[in-house]
1. Could you work out the local net charge near THR35, counting Lys and Arg as +1, Asp and Glu as -1, over the other residues with Cβ closer than 13 Å to its Cβ?
2. GNM on the chain, C-alpha springs below 10 Å: top fluctuator among VAL28, VAL50, VAL72?
3. Along each of its three principal axes, how wide is the spread of alpha-carbon positions in region 69-146, in whole angstrom units, largest first?
4. Identify which of ALA63, ALA79, ALA130 has the largest mean-square fluctuation in a Gaussian network model of the chain, with springs joining Cα atoms closer than 10 Å.
5. Given the chain, what percent of its DSSP beta bridges are antiparallel, to the nearest 5?
6. Can you run the Rg to Rh ratio on the chain? Use alpha carbon positions and the Kirkwood inverse-distance Rh.
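Please treat every number below as a calculation from the coordinates, not as lab data. Given the structure is predicted, the values throughout are model-derived calculations rather than measurements. For neighbour counting, all protein chains shown are included, and Cβ atoms are generated from backbone atoms with ideal geometry for every residue, glycine included.
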Amino acid sequence: MSEKAEEKKEEPNKQKKHEEKKPAEKEVIADLTDTCQRLQAEFENYKKRVEREREDFIKYSKAKIIDEILPVLDSFEIALKNTSDKDKFIKGVEMIYAQLFSILEKEGLKPIKAMGEKLDPYKHDVLMKASSDKPEDTILEELQKGYMLGEKVLRHTKVKVAK
């Protein structure tokens, strides 16, 4: 037999094998597509679940601090009912301030030290400058107290500094 005749015999066999592979490849592609779509759906569900959990966490973390502050609110109500004696009223408000500050301190709030300190632009805002015998940029007066939560500045201290 000649080579051409053998090649002609092999060509139909190759075509049959190639046609047999096509359905198998289609099944693999369909399986992979299905898997990919399932993974995408699972990921979308995961993102939604994480967002819901984050919102719940925020909502319930607020509930904790509010629960701790409620006694302060009660104390204010009692103080406002008893305004007849000025000295007792002032003493009561001072106690309420201490109660509230204690709760906030327990949560990590710290006042920023300012008086007599050198100006720190990361913690202090200069509102005024005044002549003084103290070194330049020394804080002379605290106009509004600043606070930090951990290492983060919540509110800068408003200050008057020496020129």
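1. Counting the neighbours of THR35, the net charge comes to -3.
2. Fluctuation is largest for VAL28.
3. The Cα atoms of region 69-146 stretch 49, 30, 16 Å along their principal axes.
4. Highest fluctuation among the options: ALA130.
5. 65 percent
6. On the Cα set of the chain, Rg over Rh gives 1.57.
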